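Colleague: Here it is, the structure in full.
The values are calculated or read from the model by the stated rules, or taken from the named source; none is laboratory data. Treat the numbers as computed from the prediction; the structure is a model and nothing was measured. Cβ placement follows ideal geometry from the backbone for every residue including glycine, while neighbour counts extend to all protein chains displayed. Keep in mind that these areas ignore ligands, DNA and RNA; they rest on the heavy atoms of the full protein, side chains included. Shrake-Rupley method; radii C 1.70, N 1.55, O 1.52, S 1.80 Å.
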Amino acid sequence: GLETIVGERTGKKGIGFGSPLKEKTDNQDVFKQVQPEDLRKFGLIPEFIGRLPVIATVEQLDKAALISILTEPKNALIKQYMRLFEIDNVKLSFDSSVLDFIVSKAIEFKLGARGLRSICEAILNDAMYELPSSGEQEFKVTLDYAKRQFSKSKLAKLKVA
């Protein structure tokens, strides 16, 4: 309902035959224009609004941003898993299509960046327990393997919000 309140304040209103009609705007653009008065109309008490030093909006992360979160930082998830397997003398590698699969599931279930770990865990959980004792030196995660492991997890049974 907040977008309606902000839209009423910022939108053009048309009355009469020659007047322009109310413009339709994207919800993301509307949320960028939120003011304290809108939050008060929405139902927040003024004492609480006064304790908010900054009102900021956030946007959904796109596929490219999620892939970079998964691979680029110093402590990226993929690097963490590679190190975990390296401790057990197993060289872990991923097909690029697996990274796309992980990111697409995070987007599909609207889990964002925090959901990446849950998806990786669902895919690699069995391998983390089985590979050290198997004696294998190398393990490559393929798309088929990722899909099979993910479909067995409870995470795959989530309903898309």
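Colleague: Run the numbers for Thr142 and Ser93: contour at 0.36 nm per residue of separation, minus the present Cα-Cα distance, in nm.
Modeller: Values: separation 49, 0.36 × 49 = 17.64 nm, distance 0.89 nm.
Difference between extended and current length: 16.7 nm.
Colleague: Right, here's the next one. In percent, how large is the relative contact order of segment 51-161, given Cα pairs closer than 8 Å and 6 or more residues apart? Before the final figure, lay out the partial values.
Modeller: Numbers: 97 pairs, mean separation 33.5, N = 111.
Once divided by the residue count of segment 51-161, the mean separation gives 30 percent.
Colleague: Continuing with the same structure: Taking 0.36 nm per residue of sequence separation and subtracting the Cα-Cα distance, how much length would be gained by fully extending the chain between Leu52 and Arg40, in nm to one decimal? Kindly include the intermediate steps, with their values, before the conclusion.
Modeller: Values: separation 12, 0.36 × 12 = 4.32 nm, distance 1.23 nm.
Between Leu52 and Arg40, full extension yields an extra 3.1 nm.
Colleague: Tell me the accessible surface of Val58 in square angstrom (1.4 angstrom probe, heavy atoms of protein chains only), to the nearest ten.
Modeller: 120 Å²
Colleague: Just the accessible area per residue of the chain, please: how many Å² with a 1.4 Å probe?
Modeller: Heavy-atom accessible area per residue stands at 69 Å².
Colleague: Shifting gears a bit: Under a no-solvent Debye model with one identical scatterer per Cα of the chain, what's log10 I(q)/I(0) at q = 0.14, 0.18 Å⁻¹?
Modeller: Results for the chain at q = 0.14, 0.18 Å⁻¹ read -0.82, -1.05.
Colleague: Quick check for you: which residues of segment 102-143 have the amide N under 14 Å from the point 7 Å beyond the Cα of Met82 toward its beta carbon?
Modeller: 139-141
Colleague: For the pairs Lys105/Lys154; Lys110/Lys140; Lys63/Lys147; Lys63/Lys105; Lys63/Lys110; Lys32/Lys74, flag any whose C-alpha to C-alpha distance is greater than 22 Å. Show your work: numbers first, answer last.
Modeller: On the way: Lys105/Lys154 13 Å; Lys110/Lys140 27 Å; Lys63/Lys147 18 Å; Lys63/Lys105 10 Å; Lys63/Lys110 12 Å; Lys32/Lys74 31 Å.
In this structure, Lys110/Lys140; Lys32/Lys74 lie more than 22 Å apart at Cα.
Colleague: Right, something else. Could you work out what % of the accessible surface of the chain is carbon and sulfur, using a 1.4 angstrom probe and leaving DNA, RNA and ligands out of the count? Could you put the intermediate results ahead of the total?
Modeller: Working: 5970 of 11090 Å².
The value for the chain is 54 percent carbon and sulfur by accessible area.
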